[in-house]
Each structure stands twice: as C-alpha cells, then as structure tokens.
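The values are calculated or read from the model by the stated rules, or taken from the named source; none is laboratory data. No experiment lies behind these values; they were computed from the predicted model shown. Positions of Cβ are backbone-derived with ideal geometry, glycine not excepted, and every protein chain shown enters the neighbour counts. Remember, those area values only see protein heavy atoms, side chains included, never the ligands or the DNA or RNA. Shrake-Rupley method; radii C 1.70, N 1.55, O 1.52, S 1.80 Å.
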Amino acid sequence: RLSCIRNNVWLACFGVISAGLAVLSSFGLLLFCGVPFVITVANAPFLILGVGVDDMFIMIASWEQSLRKKDKPDVNFLLGETYSEAALSVTITTLTDVLAFFIGTWTAFPSVRSFCLYTGTAFVFCYVYTMTFFGAIIVLNHKREQGNRHWLTCMPVGAGKDQAEKSCLYNACCVGNCSGQSSQPESEHPMSVFFTKYYGPFLTNKWIKPLVVLLYGVYLGSSIYGCTQIREGIDLRNLANDDSYVIPYYDDNDKYFSAYGPRVMVVVTESVDYWNETVRLGIENCTQDLE
C-alpha cells in the first residue's frame, strides 16, 4: 500500500519470521531427540515458508473482512471473527500436509524418512505460531493503524494546516497520501468481490453441483488407480547431469548386462584362518555352490 499508515510491511516480515521460528523450533526439537539430519532436510524451510506465507495471507484477508462487519469493532471482536473464518482453512491445510509427510516416514529410505519427519514436525510448529504469534502481531499492527502511526517509525502522523502546505512527496511519506488527508481503510478487494458475488453463486448452482461431484469422482478414481501404479525406488540417472559420463554407463549397463541380474556379494563376518588349506577349500566350494 502507498499509505504510510496502512502499509503492512512489518506484518509481512513477521509472517516470514513466524515460518522461520517454526523451522528453528522443529529442527531444534528433533536434533535434541537425536533424529538424523540429512542434506535433503535443508529443502524443508522452503516448503514451510510457502505454507506459512499462505496462512499469513488467509489471516490478513479474514482480518480485513472482519473490519467491515462493524462500524467501530473492538479488538476482541475482530480477532474472534478472524479466527472463526481463517482457523478452519489453516487447520485443514496443516492437517493434510502433516498427514502427507508423516505417511512418508513409513518409507524404507532413511533420508526420505528423516526429511518427512522434519518437515511434518515443522508444519505443526508453523500452525502453532500462526495461531498465536502472528495473531498477536496482527493486533499490534491494528493498534498502530488506529493510533495513526507511521509504518516504519511508529511515530504519530496526521493531516493538519501545516501539512496542507507541504509537498506531495512529504505528504505521501509522512501523512499517508498526496492530499494530506489521513488514510482510510480500503474498500473490499476485487478478488474477494469476484469469489463472493460470482464464483460462489456459480459453484452452488443446482446444475453445477452434479457436475462438480462427477468431476471429483473421476479425479478420485484416477487418484486411486495412480496409487496402485506407484513404485518405490529411484533411477540413478536422475542424480547426474545430462552430460555426465554416468548416463552412458548406466545405459550400457542396462543394455549389455541387465540379463545377468544384480551383482551378488558374499561377506565373511567372522575371523577366518585363510592359511588353513581346508578352510580355503571350503570357501572355494561355497563360491562354486553360489555360482
């Protein structure tokens, strides 16, 4: 926003900080519990940041809608309305993400198991911080706006006779707009108007409902079929660059040696007297039996 009062730069920054706190809390807890930290876990913060910022937008949008329900709403009413609208959406999103990653902990790959455990735990902390820490930040930011304070310095600003003679740049940076008048809450966002007045009624039309159910049935059936076709494993070609010498090696290996099956290795796990001829013959006989 161009208004120096309605600008929510700090609100956005603390939304990102909230996701960062979730990463620190989850990583610290799991490291304290002795869960192995593998290099793939380093990608988890980007996932947490995406979900955390999404939850932040939902909270802010619900707060803005709550502001329009009363002429002079108090903080308790605003926060209650915000959580009643946003908490359900944020909770469902968190539950599905946590469930998906905790299911991933059943895999046989230790690195994937660690990654899913770290990420799923971070989603739980992200939800906690969004519902507590970020909600408090929204209230503090609202009090700053109510006090007509600057977004950066938090110093009171206002329009007066002395501001009327100031330049447009001064009024925009220190008052809120070029006219020198105190900024007012904006009207409803066009995207909210679209979903409320057009998309919602279209989706709840009696002719559209059966179509939605049919499409969801097709989607659900194709998803179940896709789950039956999933194979656990990894193609080692995908771990190398396209111009790497590893690619033709695996291609030739599959072309010329795939018919022989995988390599078989035998490991002797105890101390053996290799100088003893009888023992050596026993090992040779074992090798011949395996062949």
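List of remarks:
- For the range 235-259, a residue qualifies if it is surrounded by 10 or more Cβ atoms within 10 Å (Cβ to Cβ) and either outside any helix (DSSP H, G or I) or touching a strand residue (DSSP E or B) at 6+ places or on another chain (Cβ under 9 Å) (or both), and the qualifying residues are Ala240, Ser244.
- Pick from the range 28-45, criterion under 18 Å from the mean Cα position of the chain (by Cα) and among the β-branched types (Val, Ile, Thr), ranking: most open to solvent (accessible area, probe 1.4 Å): Thr40
- Enumeration of residues in the range 1-22 that are open to solvent by less than 20 Å² (accessible area, probe 1.4 Å) and not small (Gly, Ala, Ser): Cys4, Ile5, Arg6, Leu11
- Cys178 meets all of the listed conditions (1) at pLDDT 80 or above; (2) open to solvent by 50 Å² or more (accessible area, probe 1.4 Å) but one, namely (1).
- Candidates are the residues of the range 61-80 that are of a type outside the set (S, T, N, Q) and closer than 21 Å to Ala12 by Cβ; the one that is surrounded by the most Cβ atoms within 10 Å (Cβ to Cβ) is Trp63.
- Qualifying positions in the range 260-284 - outside any loop (DSSP other than H, G, I, E, B) and open to solvent by less than 100 Å² (accessible area, probe 1.4 Å): Val279, Leu281, Gly282, Ile283
- Residues located in the range 46-60, provided they are open to solvent by 40 Å² or more (accessible area, probe 1.4 Å) and either in contact with a strand residue (DSSP E or B) (Cβ under 6 Å, 6 or more places away or on another chain) or in contact (Cβ under 8 Å) with a residue 60 or more places away in the chain (or both): Leu47
- Here Leu239 meets each of (1) hydrophobic (A, V, I, L, M, F, W, C); (2) at pLDDT 90 or above; (3) within 26 Å of Gly104 (Cβ to Cβ) with one exception, condition (2).
- In the range 89-120, the residues that are within 12 Å of the chain's Cα centre (by Cα) and under 14 Å from Val41 (Cβ atoms): Phe101, Thr119, Gly120
- Considering residues of the range 236-283 that are of a type in the set (Ser, Thr, Tyr) and within 30 Å of Thr40 (Cβ to Cβ) only, the residue farthest from the chain's Cα centre (by Cα): Ser258
- Sole exception among (1) open to solvent by 80 Å² or more (accessible area, probe 1.4 Å); (2) more than 19 Å from the chain's Cα centre (by Cα) for Tyr83, by number: (1)
- Test: residue in the range 95-104 that is under 30 Å from Val139 (Cα atoms) and open to solvent by less than 70 Å² (accessible area, probe 1.4 Å): yes
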